[in-house]
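Here's the structure we're looking at; comments come further down.
The values are calculated or read from the model by the stated rules, or taken from the named source; none is laboratory data. Remember, it's a predicted structure, so these values are computed and weren't measured experimentally. So basically every Cβ, Gly included, is an ideal-geometry build from the backbone, and we count neighbours across all protein chains shown.
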Amino acid sequence: MTKKYNEMDYFKEINPEALKREDNIIRTLALTFTGMMKALEEVYGEGVVDVARRGFLEATIKADKEILDTISEKTVGNYCRWINSILHLTHKYDLECNDDETDCQYTFYTCPWAKHFREFGGEKYGIFFCDADRPLAEAFSDNLGFEISKLLMEGDDCCNHHFYLKSDKE
C-alpha cells in the first residue's frame, strides 16, 4: 500500500491572486539572475558560471542546513514534509510514499524556476536550483538517498525526485 499526495493536500486551497503574485516574483528573479549571469559571463568568461554555482550551492546549503538541523527525526517522510513547506504555490506535483515513509517519489509537472529560466534562456543558471537537491538531502542525513533522472529545467516532461533510506538499499 502506498500513500499518494499532491500540492492541494499541502496547500488545501490556492488563492489565484497569490499564485499570480508568486509567479511574477519568481519570473522577475529568474530574469534578473539570468541577466546578471549573462553580463558576468560576457566580461569574465564561462568560468564565472562555475564560481557562481559554487557560491550559490554553499549559500543555499548553509541557509537550509540551519533549518534542517532543527528536524530531530531524520526520516524520509520528515524530509518530504520539509520540501513541501518550501515549495511554491506554482509547483504542481504528485508525491507517492510507501506506508512507513522510507521511500518517497515526487513527480513535479511544473516548476516556476524551470518555466522562467527557460523563458529567458537561462537554463544553465537555473540549474543551480536543481543542483542543490542532492547536497541538501545529504545535509539532512547521511542515510538519505536521492536519485533523479528527469529535469524540467533540461526540457524533460517532469522532474522525478526519489528519496529513500540508503540502509534499505544495502
How many residues does segment 86-119 contain that are out of contact with any His (no Cβ under 7 Å at 6 or more places or on another chain) and either farther than 21 Å from residue 131 by Cβ or modelled with pLDDT of 95 or more (or both)? 22
Helices (runs of 4 or more DSSP H) wholly in segment 8-94 with at least 3 residues that are under 30 Å from residue 124 (Cβ atoms) and over 18 Å from the mean Cα position of the chain (by Cα) - which ones? 16-44, 47-68
Checked segment 155-170 for anything buried (at least 18 other Cβ atoms within 10 Å of the Cβ) and within 15 Å of the chain's Cα centre (by Cα); matches are 159, 161, 163
Considering only residues that are surrounded by fewer than 18 Cβ atoms within 10 Å (Cβ to Cβ), within 15 Å of residue 103 (Cα to Cα) and in contact (Cβ under 8 Å) with a residue 60 or more places away in the chain, which ones fall in segment 125-154? 143
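What do you reckon, is residue 146 closer than 21 Å to residue 69 by Cβ, in contact with a Phe, Trp or Tyr (Cβ under 8 Å, 6 or more places away or on another chain) and assigned to a strand (DSSP E or B)? Don't jump to the end; show me each part of the working.
On the way: closer than 21 Å to residue 69 by Cβ: yes; in contact with a Phe, Trp or Tyr (Cβ under 8 Å, 6 or more places away or on another chain): yes; assigned to a strand (DSSP E or B): yes.
Considered against the rule, which asks whether it is closer than 21 Å to residue 69 by Cβ, in contact with a Phe, Trp or Tyr (Cβ under 8 Å, 6 or more places away or on another chain) and assigned to a strand (DSSP E or B), residue 146 comes out as yes.
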